[in-house]
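The values are calculated or read from the model by the stated rules, or taken from the named source; none is laboratory data. Nothing here was measured: the structure is a model prediction, and the numbers come from that model. Cβ: placed from backbone, ideal geometry, glycine included. Neighbour counts: every protein chain shown.
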Amino acid sequence: MDSEPPFEETYKTLLQNSLNTMEVKGTDKFDIVEDCNLPLANLIHIRSDDQLERESCIREIVEAARNWGFFQVVNHGISIQELETLKIEQKKVFQQPFEKKIQNKFLNLSSNGYRWGNQKATCLKQFSWSEAFHLSVKDISSMTECNNLRLTMERFARAASGLAETLVEILAENVGVKFTYFQENCPPSSSFLRLNRYPPCPFSSSELVCGLIPHTDTDFLSVVYQDRIGGLQLLKDGRWFGVKPNPEALIINIGDLFQALSNGVYKSVKHRVVATQFERFSAAYFYCPANEAMVESHGQPAIYRKFSFKEYKQQSQKDVEETGSKVGLQRFLL
């Protein structure tokens, strides 16, 4: 189809060389992955009149952020119908011709947020078999094409923003950070939305190709909707765990900035998406501060030096350009 990114054509040499080398060595294949049910919090208890129920739910959220860096939430305020509508609309935009998707003014955005593969990849470990639209929440309103998609994205962003703030307030209070810090530094316009599509991969049986390479998120908190295909995996205690899809739940994960702010109490853990023979979709809301916002560890002794969000992004981008992958918080250790 003319909508498909030309993965095999563009990355032919990389794919052939990497696959042949790894098969000869017999190494670098994905480790055995154990499926898991992430910790699950029922947010209806947060709104309960029963103090014990509220406190129990808060403990579940805090412990999941400390021990897993990931958890699921149900009764989160976004209906399954809304999420399904978002998936339908994002499928439509990904079905646009590839040559149209890569145009600078596609969707009338000031800068094209369309991404696919990884042009800087030098080996298969740095290559992602996926395509995505990644854009600032403030840019959604400027989309004059695909009105249904724009309206659906706006609704999802508003609901995800409210959910993120609810969870952030709970987690911040637990580590002695006032919620006013987020109110002052995280306006809605500073966050991002990403629509992901993982095309069927002819090399998925090799267990060598990622839909999205291992990484941590560069934000405070991520709110993720995934379809029922599965493929999301996270690294815990040196082992990879596959996240079982739950159609009623949204996935929440801690980002680098919250790990730094909490002085390492909360964990921003590596995660990836494996390539499969099936088409997969997901949508993610990244709760981010303004560029000038300063992130400083709360707790003594401090693990990380004070830095701005802009500085963190610039360092991450530099690392990707020079090494092909993100280094992250290790650059900011004291």
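Points worth noting:
- Residues being outside any loop (DSSP other than H, G, I, E, B) and in contact with an Asp or Glu (Cβ under 8 Å, 6 or more places away or on another chain) are represented in segment 83-91 by at least one member.
- Options G231, G211; residue that is small (G, A, S), on the phi < 0 side of the Ramachandran plot and touching a residue at least 12 places away in the same chain (Cβ under 8 Å): G211
- Single match in D139, D219 (criterion: of a type in the set (D, E, K, R) and modelled with pLDDT of 95 or more): D219
- If you go through segment 32-52 and keep only what is charged (D, E, K, R) and either in contact with a strand residue (DSSP E or B) (Cβ under 8 Å, 6 or more places away or on another chain) or at pLDDT 95 or above (or both), you end up with E34, D35.
- A residue that is modelled with pLDDT of 90 or more, within 21 Å of F182 (Cα to Cα) and surrounded by fewer than 20 Cβ atoms within 10 Å (Cβ to Cβ) cannot be found anywhere in segment 253-260.
- Any hit, segment 149-156, residues being in a strand (DSSP E or B) and within 30 Å of I102 (Cβ to Cβ): no
- Residues in segment 159-201 that are of a type in the set (K, R) and free of Cβ contacts under 8 Å to residues at least 12 places away in the same chain: K178 alone.
This table checks each residue for (1) part of a helix (DSSP H, G or I); (2) at pLDDT 95 or above; (3) not β-branched (V, I, T).
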residue: S18; (1), (2), (3): yes, no, yes
residue: T21; (1), (2), (3): yes, no, no
residue: V24; (1), (2), (3): yes, no, no
residue: F30; (1), (2), (3): no, no, yes
residue: I58; (1), (2), (3): yes, yes, no
residue: I61; (1), (2), (3): yes, yes, no
residue: R66; (1), (2), (3): yes, yes, yes
residue: G77; (1), (2), (3): no, no, yes
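- For segment 119-136, a residue qualifies if it is part of a strand (DSSP E or B), of a type outside the set (G, A, S) and out of contact with any Pro (no Cβ under 6 Å at 6 or more places or on another chain), and the qualifying residues are F133, H134, L135.
- Here segment 230-242 is the region considered, the condition is being crowded, with 16+ Cβ neighbours inside 10 Å and farther than 30 Å from K310 by Cβ, and the residue that is nearest to the chain's Cα centre (by Cα) is Q233.
- Just one of the numbered conditions (1) buried (at least 17 other Cβ atoms within 10 Å of the Cβ); (2) modelled with pLDDT under 95; (3) not basic (K, R) is not true of Q81: (1).
Listed here are the residues, each with its yes/no results for (1) touching a His at 6+ places or on another chain (Cβ under 8 Å); (2) over 28 Å from G242 (Cβ atoms).
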{"position": "L38", "(1), (2)": "no, no"}
{"position": "L52", "(1), (2)": "no, yes"}
{"position": "C57", "(1), (2)": "yes, no"}
{"position": "F106", "(1), (2)": "no, yes"}
{"position": "K125", "(1), (2)": "no, no"}
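- When L107 is tested against (1) surrounded by fewer than 20 Cβ atoms within 10 Å (Cβ to Cβ); (2) more than 20 Å from the chain's Cα centre (by Cα); (3) assigned to a helix (DSSP H, G or I), just one condition goes unmet, and that condition is (1).
- Residue pairs meeting the criteria (Cβ under 7 Å; at least 6 apart or on separate chains; first closer than 20 Å to S161 by Cα and in contact (Cβ under 8 Å) with a residue 40 or more places away in the chain, in segment 132-148; second among the aromatic types (F, W, Y) and not in a helix (DSSP H, G or I)): F133/Y114; H134/F192; L135/F192; S136/F192; V137/F192
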